[in-house]
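Colleague: Next up is a structure, given as structure tokens.
The values are calculated or read from the model by the stated rules, or taken from the named source; none is laboratory data. For clarity, every value in this text was computed on a predicted model and none was experimentally measured. Positions of Cβ are backbone-derived with ideal geometry, glycine not excepted, and every protein chain shown enters the neighbour counts. Ligands, DNA and RNA are excluded from the accessible area calculation, which covers all protein heavy atoms including side chains. Shrake-Rupley method; radii C 1.70, N 1.55, O 1.52, S 1.80 Å.
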Amino acid sequence: MTLALLGFATVLLFIFLIMTKRMSAAAALIAVPIVGGLLAGAGPGLGDMMLKGIVDVAPIATMLAFAVLYFAVMMDSGLFDPLVNRILAIVGDDPIRIAIGTMALSSLVSLDGDGTTTALIVITSMLPLYRAIGMNPLILAMLLGSSNAIMNLLPWGGPSARAAAAVKADLVHDVFLPLVPAMLIALAALAALAWWFGTRERARLGWQAGAGARPAPPIATDRPERRPRLFWFNLLLTAGLMAGMVTGIAPLPVLIMGALAVALTVNYPKLSDQRDRIAAHADNVVMVVVLIFAAGAFTGIMGGTGMTDAMARAMLAGVPDTLGPYLAPITALLALPLTFVMSNDAYYFGVVPVLAQAGGAYGIPAEAIARASLMGGPVHSLSPLLAPVYLACGLLGVDVADAQRFALKYAVGISLVMTLAAIITGAIPLAT
């Protein structure tokens, strides 16, 4: 119990420090768990724990570093200019259509099941629209994260597979298919939220239909770094990269690194131009990599000291016997805070099996617990331990804490809507 309390205190202190901007996310991710680990008596082993966590995230950090550079080079070369200008022509300067378009594009791109790829494609496509008319980029971050989280429940998305494996259930028939109606309802609720965001932005920007106010200008194509004559080459290169991601022909970091080498060499043959392009985006790369390694150190200490396991068991011990028959919806509600402060592996393979075992004592099927454990996806998309969060905020040029403060309440709402829809449609039993 002492270890669990220390774990909760560590997590809460970390959240408090970054949400109130008393420490940067990178500093808090490193300093806070070190203090917690020292208080837990793990001083001599903290170094090994941190290194293990860093090694675990090293492939992700490598991939993100080169991915940021690759897509930055593609933006600099003008690859996305025709697409952005086409979307501008379709949606005009209407914030409602832009917000709904963001949600629709995010959902479509999320079909590949990879949050990083989704963030890269959606942000590079939509951010110029937001900047052109002055819309709040935090809206983009919120709609992107929740759309991706809902679509990530697809069998190849990751969370569903983890949940099914944790309770030894059939992935498609026992876990995914019963959730499809709830997913559709959650997407409809998110579309409604996008409409509301757009309506509010209309009022803030003074937009009026047909008034011609605040026209969205086309993206400039005559900047020195633009390479319009290489558009088709860059398009084919990016399409090949995406195909490689989907087919898994090679590890993702290898694909990104190779694509960046080709893109830099072909678009900017002069070494000075290559250095300029890398230097122009160095800040984003450094920040993303530092945060990912810091998050690895955080999870390494929390897991290595046993605080993560102790926290999970303490929360289960706090559930009274009278609430046992309601453990499925309780699991759905617990998923919101737990997935925010825990990694996917720690949650699905550490907490969910314990919940499923406890639910079995009350006649709750293990697959029902697995489905309930997935309800925190939209909240999880804002977790400070999630790599795409830092990538998205870096590309958007916003602070992680600002994005969390803005989006968390809406993500909780979407998670609750999906939970209620799952209960109504029978995917999650209310009681046994």
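Colleague: Kindly indicate whether residue 326 is of a type in the set (Phe, Trp, Tyr) and out of contact with any Gly (no Cβ under 9 Å at 6 or more places or on another chain).
Modeller: Criteria met by residue 326.
Colleague: Counting only residues that are hydrophobic (A, V, I, L, M, F, W, C), under 31 Å from the mean Cα position of the chain (by Cα) and within 20 Å of residue 242 (Cβ to Cβ), which one in the range 261-281 is surrounded by the most Cβ atoms within 10 Å (Cβ to Cβ)?
Modeller: Step one: filter the range 261-281 for residues hydrophobic (A, V, I, L, M, F, W, C), giving 261-264, 266, 271, 278-280.
Next, only the ones that are under 31 Å from the mean Cα position of the chain (by Cα) stay: 261-264, 278-280.
Now restrict to residues that are within 20 Å of residue 242 (Cβ to Cβ): 261-264.
Numbers: 261: 12, 262: 16, 263: 28, 264: 19.
In this case the residue turns out to be 263.
Colleague: Determine, yes or no, whether residue 288 is outside any helix (DSSP H, G or I) and either open to solvent by less than 20 Å² (accessible area, probe 1.4 Å) or aliphatic (A, V, I, L, M) (or both).
Modeller: Considered against the rule, which asks whether it is outside any helix (DSSP H, G or I) and either open to solvent by less than 20 Å² (accessible area, probe 1.4 Å) or aliphatic (A, V, I, L, M) (or both), residue 288 comes out as no.
Colleague: Let me ask another. Taking into account only those residues within the range 184-216 that are among the small types (Gly, Ala, Ser) and modelled with pLDDT of 85 or more, which is surrounded by the most Cβ atoms within 10 Å (Cβ to Cβ)?
Modeller: Checked the range 184-216; the qualifying residue surrounded by the most Cβ atoms within 10 Å (Cβ to Cβ) is 186.
Colleague: Right, next: Working carefully through the options 322, 339, 432, find the one that is open to solvent by 40 Å² or more (accessible area, probe 1.4 Å) and either without any contact (Cβ under 8 Å) to a residue 60 or more places away in the chain or within 30 Å of residue 282 (Cα to Cα) (or both).
Modeller: On the way: 339 fails: open to solvent by 40 Å² or more (accessible area, probe 1.4 Å); 432 fails: either without any contact (Cβ under 8 Å) to a residue 60 or more places away in the chain or within 30 Å of residue 282 (Cα to Cα) (or both).
Exactly one residue qualifies, and that residue is 322.
Colleague: Of these, 303, 258, 296, which one is modelled with pLDDT of 90 or more, surrounded by 14 or more Cβ atoms within 10 Å (Cβ to Cβ) and in a helix (DSSP H, G or I)?
Modeller: Answer to the check: 258.
Colleague: Name every residue in the range 25-75 that is within 30 Å of residue 128 (Cα to Cα) and surrounded by fewer than 18 Cβ atoms within 10 Å (Cβ to Cβ), in order of residue number. Working first, answer last.
Modeller: Filtering the range 25-75 down to residues within 30 Å of residue 128 (Cα to Cα) leaves 25-26, 59-75.
Correct list: 59 only.
Colleague: Still on this structure, I have one more. Could you grab me the full set of residues in the range 375-388 that are surrounded by fewer than 24 Cβ atoms within 10 Å (Cβ to Cβ) and free of Cβ contacts under 8 Å to residues at least 60 places away in the same chain?
Modeller: Listed by number, the list holds a single entry, 383.
Colleague: So, in the range 72-115, of the ones that are within 21 Å of residue 264 (Cα to Cα) and in a helix (DSSP H, G or I), which residue ends up modelled with the lowest pLDDT?
Modeller: 81
Colleague: Identify all residues within the range 138-163 that are at pLDDT below 85 and in a helix (DSSP H, G or I); write none if there are none.
Modeller: 159, 160, 161, 162, 163
Colleague: Does the range 217-228 include one or more residues that are surrounded by 11 or more Cβ atoms within 10 Å (Cβ to Cβ), modelled with pLDDT of 80 or more and in a helix (DSSP H, G or I)?
Modeller: Yes, some residue in the range 217-228 is surrounded by 11 or more Cβ atoms within 10 Å (Cβ to Cβ), modelled with pLDDT of 80 or more and in a helix (DSSP H, G or I).
Colleague: Within the range 396-426, count every residue that is part of a helix (DSSP H, G or I) and more than 24 Å from residue 129 (Cα to Cα).
Modeller: Of the residues in the range 396-426, 14 are part of a helix (DSSP H, G or I) and more than 24 Å from residue 129 (Cα to Cα).
Colleague: Do the conditions hold for residue 331, that is, is it open to solvent by 10 Å² or more (accessible area, probe 1.4 Å) and either over 30 Å from residue 233 (Cβ atoms) or part of a helix (DSSP H, G or I) (or both)?
Modeller: It is false that residue 331 is open to solvent by 10 Å² or more (accessible area, probe 1.4 Å) and either over 30 Å from residue 233 (Cβ atoms) or part of a helix (DSSP H, G or I) (or both).
To keep it simple, each residue is scored yes or no on (1) over 17 Å from residue 116 (Cα atoms); (2) crowded, with 24+ Cβ neighbours inside 10 Å.
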| position | (1), (2) |
| --- | --- |
| 140 | no, yes |
| 147 | no, yes |
| 155 | yes, no |
| 158 | no, no |
| 163 | yes, yes |
| 166 | yes, no |
| 171 | yes, no |
| 175 | yes, yes |
| 182 | yes, yes |
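Colleague: Taking the criterion of being without any contact (Cβ under 8 Å) to a residue 12 or more places away in the chain and either touching a Phe, Trp or Tyr at 6+ places or on another chain (Cβ under 8 Å) or in a helix (DSSP H, G or I) (or both), would at least one residue in the range 349-356 satisfy it? Break it down stepwise before answering.
Modeller: Taking the range 349-356 as the starting set, the residues that turn out to be without any contact (Cβ under 8 Å) to a residue 12 or more places away in the chain are none.
There is no residue in the range 349-356 that is without any contact (Cβ under 8 Å) to a residue 12 or more places away in the chain and either touching a Phe, Trp or Tyr at 6+ places or on another chain (Cβ under 8 Å) or in a helix (DSSP H, G or I) (or both).
Colleague: List pairs: first in the range 108-130 and open to solvent by less than 10 Å² (accessible area, probe 1.4 Å) and of a type in the set (Ser, Thr, Tyr), second at pLDDT below 70 and in a helix (DSSP H, G or I), Cβ under 8 Å, 6+ apart or cross-chain?
Modeller: Qualifying pairs under 8 Å: 118/112; 125/83; 125/84; 125/87.
Colleague: So which residues in the range 245-255 are at pLDDT 85 or above and open to solvent by less than 80 Å² (accessible area, probe 1.4 Å)?
Modeller: 255
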